[in-house]
Amino acid sequence: MDASFAAWDHFYMPLVSLWVNRFYVYLGLAVGVSLCICFQVIIKKLGDRSTERSSLQKAPPAPVAPVVPVANGPASLQKKEVHVSGVKIFYASQTGTAKGLATSLSKEVTALGFPVAVINLKEYDPDDHLGEEVTSKNICVFVVATYSDGRPPDNAEWFCKWLEEAANDFRFGKIYLKGMRYAVFGLGNSVYESNFNKVGKNIDRWLWMLSARRIMTCGEGDSNVVKSRHGSLEADFAAWQAYFLSRLQDLSRGSCGEEKKKKKSCRNHHQGKCEKGECKIKKKEGRHMGPAGSQQEAPEGGEQFETTSEEESGVEEGQSHSSVMDVEDLGKMMDSMKKAKEEKEQPNMKLDLSRSPGKDEKREMITPALREALSKQGYQLIGSHSGVKLCRWTKSMLRGRGGCYKHTFYGIESHRCMETTPSLACANKCVFCWRHHTNPVGTEWRWKMDQPDMILQEAIENHQDMIRQFKGVPGVKASRLEEGLQVKHCALSLVGEPIMYPQINRFLKLLHQQRISSFLVTNAQFPMEIRNLEPVTQLYVSVDASTKDSLKKIDRPLFKDFWQRFLDSLRALAEKQQRTVYRLTLVKAWNVEELQAYSELVSLGEPDFIEVKGVTYCGESSASNLTMANVPWHEEVIHFVEELVDLLPNYEIACEHEHSNCLLIAHTKFKIDGEWWTWIDYDQFQELIQEYETSHGSKTFSAKDYMAKTPHWAVFGASERGFDPKDTRFQRKNKSKDISGC
């Protein structure tokens, strides 16, 4: 028995001791496991480094296309970063030379192993696809010829026009193409010195203005063998191509900082710190003016393609387009600026001496500087105070991509609508102004006045010319292009205050005589002019705020008695028998909380319709502190409208146009047997207005006399959300900027 107890104690006691000290056992196991893991991690890292060294030693000196290698083991999980995904070569050719050079370049790029696409600019839609290059990691190459008189070839007219307008349109913003990389080679003849390579230079400049990054300076091929740098156009291209292929391989390795190093090296040279003769001092006559007036070094010999946009004006860092120059050059620049200023002022001085204008002589509204600014924004200016411009919804409907909200709400054919104004001047400086106040302002007409028949004739001719430019543009429907040449509607809402024009009634009569409907917009600062206004198809009043303080903050009116004028304008609207509309522009955090005040304004003017639209962001501007944060979401606009309708007796939500972030509130008199009649019978209106004119105003008519039934897809709550099912909805892939139209 004692022996059995002794054996049991011998077996049991160690277990008891182990249990009592179990904490230390667990601690030891944890330390051991941790050490084991650490050793494995260290061994793995050492092995990866040795593998990397050996692979680098075996790597060939000349890089090929960036293909992601597949290896065995853990290293295969780490993918190599792709810096260049491919090359797109765009060409604009009149005789086929540029196309041939583009094809030749594509073969050389293909030989390096890069994917290549050769694209005819006639078949390329920049509105759809150019914004995609911001994130595509493609290199875009433009091989473009300059045709007679400095014009682009026929197959590049639309691309150049689109790019120029985008570069000068505030709605796109200065960084619309930031991230896109490009190079340009132009074909020209220096015999035509003033237009030598004008198209290539323009494309290069416009892309740069939109913050695209040029990987090398614009190449200039010269078919004039006497002045060609390398003896012929083909030789010029061969030299440019050789450098481009070298840059392409550098970029594929991610070597994008070499130009910055060269720039720093050149700065050191001017400071006496240049080492190993890495840079040269350019000759005085070798300077030329680059994009936006920045001074750059003119290319010499083999160095002609070594400047990139990283060296110019800090575009990559989002800085303004201004150049950086050495102090030693500042005096020379000031002398040249002073000389240019004197030359510019000299003709004006002679003019002043030759005749002295009378005190009562009126000046033109459009000054030379204003003409230049508005022309860059795509305006076709008429006479001394009028203008016309193609609306983006007109372009959209020409291509079968849907019309504007007026098409959904009132049945306008957007591709047959002309957007114009007989007065570019305005009495407000609204914070959401599309033109950022490049148009003149004033409280009364104090300029020279053009005749209304001349304004209308030139407006129609300019509009038709802009429509014709869409012939051959990808996606444009031939039937709609033909219809678009026949103007059926006129939106007097382009910019400025049309009602300021002293002959506005005569202008409206001329429109109606040509059976063109009239949609006139006023900013509610001219109540007397509203009362004196002849009947129009539809009269709008902008109601951008509902209190005196918020109206002053948003519209920034010039009149001191702006609030009284605003209220009187609404009262004048209530006296009109034809269709009237309040247009509310919602600015988030500015005017969306004033529901009760808005309802009181509605009772004052008793409009037939109320359009409620979220503000459109128009880009950065020193004239406005509006940001994307002030743009309400569509659902927020719906919520605002629903709350507003609850406060308005006899009004309901009638229509919706999601694409414009816009809704329509209509008076219930336009709802017959449960169906909305917000559309317009335009033929009936023309008959009524002609009877009114013939009777000298004695035979009047009301809004209900020319209404038409609203289609089901336009009604609020429909699955189409205001998009015409006859067209095809197109979603913009590059949504970095909101450039929606009116």
*Identify, by number, the condition in (1) part of a strand (DSSP E or B); (2) under 21 Å from the mean Cα position of the chain (by Cα) that residue 144 doesn't meet.*
(2)
*asked:* Among the residues of the range 446-456, what is the count of those that are without any contact (Cβ under 8 Å) to a residue 60 or more places away in the chain and surrounded by fewer than 16 Cβ atoms within 10 Å (Cβ to Cβ)?
replied: 2
*Output the number of the condition that residue 381 fails; it satisfies all remaining conditions of (1) farther than 17 Å from residue 519 by Cβ; (2) touching a residue at least 60 places away in the same chain (Cβ under 8 Å); (3) within 24 Å of the chain's Cα centre (by Cα).*
(2)
*Among the residues of the range 685-697, write down those that are in contact (Cβ under 8 Å) with a residue 24 or more places away in the chain and either in contact with a Gly (Cβ under 8 Å, 6 or more places away or on another chain) or open to solvent by 50 Å² or more (accessible area, probe 1.4 Å) (or both).*
690, 693
*Somewhere in the range 390-413, is a residue more than 26 Å from residue 727 (Cα to Cα), β-branched (Val, Ile, Thr) and at pLDDT 85 or above?*
no
*Provide a single number: the residues in the range 168-203 that are touching a helix residue (DSSP H, G or I) at 6+ places or on another chain (Cβ under 6 Å) and modelled with pLDDT under 85.*
2
*Among the residues of the range 198-210, is there at least one that is aromatic (Phe, Trp, Tyr) and surrounded by 24 or more Cβ atoms within 10 Å (Cβ to Cβ)?*
yes
_Residue ranges of helices (runs of 4 or more DSSP H) in the range 365-423 with at least 2 members out of contact with any His (no Cβ under 9 Å at 6 or more places or on another chain)_ = 368-376
*asked:* Just the residues that are more than 30 Å from residue 633 (Cβ to Cβ) and part of a loop (DSSP other than H, G, I, E, B), please, taken from the range 572-589.
replied: 575, 576, 577, 578
*asked:* Suppose we keep only residues that are assigned to a strand (DSSP E or B) and open to solvent by 40 Å² or more (accessible area, probe 1.4 Å) within the range 672-684. Which one would you say is nearest to residue 610 (Cα to Cα)?
replied: 679
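Residues are listed down the side, and each one gets a yes or a no for (1) in a helix (DSSP H, G or I); (2) in contact with a Pro (Cβ under 6 Å, 6 or more places away or on another chain); (3) charged (D, E, K, R):
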{"site": "90", "(1), (2), (3)": "no, no, no"}
{"site": "95", "(1), (2), (3)": "no, no, no"}
{"site": "119", "(1), (2), (3)": "no, no, no"}
{"site": "122", "(1), (2), (3)": "yes, no, yes"}
{"site": "152", "(1), (2), (3)": "no, no, no"}
{"site": "155", "(1), (2), (3)": "yes, no, no"}
{"site": "158", "(1), (2), (3)": "yes, no, no"}
{"site": "166", "(1), (2), (3)": "yes, no, no"}
{"site": "187", "(1), (2), (3)": "no, no, no"}
_Breaking point among (1) farther than 27 Å from residue 631 by Cα; (2) without any contact (Cβ under 8 Å) to a residue 40 or more places away in the chain, for residue 652_ = (1)
*Show the residue pairs that are 6+ apart or on different chains and have beta-carbon atoms under 6 Å apart, the first residue being within the range 527-541 and within 13 Å of residue 579 (Cβ to Cβ), the second being polar (S, T, N, Q) and part of a strand (DSSP E or B).*
536/518; 537/517; 537/518; 539/580; 541/522
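Conditions (1) closer than 17 Å to residue 661 by Cβ; (2) at pLDDT below 85; (3) crowded, with 19+ Cβ neighbours inside 10 Å; (4) of a type in the set (Phe, Trp, Tyr), marked per residue:
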residue	(1), (2), (3), (4)
607	no, no, yes, no
618	yes, yes, yes, no
622	no, yes, no, no
626	yes, yes, yes, no
635	yes, no, no, no
*List pairs: first in the range 700-722 and under 13 Å from residue 664 (Cβ atoms) and surrounded by fewer than 18 Cβ atoms within 10 Å (Cβ to Cβ), second at pLDDT below 95 and not β-branched (Val, Ile, Thr), Cβ under 7 Å, 6+ apart or cross-chain?*
721/658
_Answer from 62, 30 - the residue that is assigned to a loop (DSSP other than H, G, I, E, B), farther than 30 Å from residue 157 by Cβ and either open to solvent by less than 70 Å² (accessible area, probe 1.4 Å) or at pLDDT 80 or above (or both)_ = 62
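The values are calculated or read from the model by the stated rules, or taken from the named source; none is laboratory data. Computed from a prediction, not measured in an experiment: that's the story for all the values here. Here the Cβ is made from the backbone with ideal geometry for all residues, glycine too, and neighbour counts use every protein chain on show. Note: accessible area is taken over every heavy atom of the protein model, side chains too, but ligands, DNA and RNA are not part of it. Shrake-Rupley method; radii C 1.70, N 1.55, O 1.52, S 1.80 Å.
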